[in-house]
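One structure is given below, encoded as structure tokens.
What follows draws every value from the coordinates through simple rules; no lab data is involved. Everything numeric in this text was worked out from a predicted model, so none of it was measured. So basically every Cβ, Gly included, is an ideal-geometry build from the backbone, and we count neighbours across all protein chains shown.
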Amino acid sequence: MNGTRQQRRRGDTRQRIQDVALALFAEQGYEKTSLREIAESLDVTKAALYYHFKTKEEILVSIFQDLSRPLEDLIAWGRDQPHSLETKQEIIRGYSAALAGAAPLFRFMQENQATVRDLRIGNMFKSRMFDLRDILIDPEADMVDQVRCLTALFTLHAGMFVLRDLEGDPEEQRAAVLEVATDLVTQAHRGTAGA
């Protein structure tokens, strides 16, 4: 029992570190945020922070791994499915939900693309995008339909960032972006089915 309580506390501390670090990265930028500042914001020693994470990149990678679990599950599921319209639509719905569930991280990544590209997290994210691409695109599809499928993914990304500055209900905006992305995949699938 005591060990379980201790693990929970360690997990809570880890989560607090991730939350504070992500907030500081978003506010000040990744490069301008130091481990010392993260520790000070948490009101812990640098040694206590090192117990959980040795570098800022370790913190960022852990955030990505924790928040992208639904995306990993979606990709694993999609690989085992046929290249059907239903599969593609479910992938788009699932990716929309994954983006919404990890919005602060994906906003940070969007706003810090140059930094993220040079970190391990950049390669991890690119790999996930290639996995989604391979599930969505039919190899026999013509180029226009392949571009439609890729554009569906980018539509979800763009909607997350561009629409947040517009007036309106965020859930309605997300639903509208999802509808457009789903329409693109549906159009692409019809083009392939008609070939």
Report, by residue number, each residue of segment 85-115 that is aliphatic (A, V, I, L, M), within 20 Å of Gln28 (Cβ to Cβ) and touching a residue at least 60 places away in the same chain (Cβ under 8 Å).
-> Leu105
Could you list, in sequence order, all residues of segment 12-34 that are surrounded by fewer than 18 Cβ atoms within 10 Å (Cβ to Cβ), part of a helix (DSSP H, G or I) and of a type outside the set (Val, Ile, Thr)?
-> Asp12, Arg14, Gln15, Arg16, Asp19, Ala23, Ala26, Glu27, Gln28
Leading residue by the ranking (surrounded by the fewest Cβ atoms within 10 Å (Cβ to Cβ)) among those in segment 73-84 that are assigned to a helix (DSSP H, G or I) and without any contact (Cβ under 8 Å) to a residue 24 or more places away in the chain | Ala76
Do we have Thr182 as surrounded by 13 or more Cβ atoms within 10 Å (Cβ to Cβ), more than 17 Å from the chain's Cα centre (by Cα) and not aliphatic (A, V, I, L, M) here?
-> yes
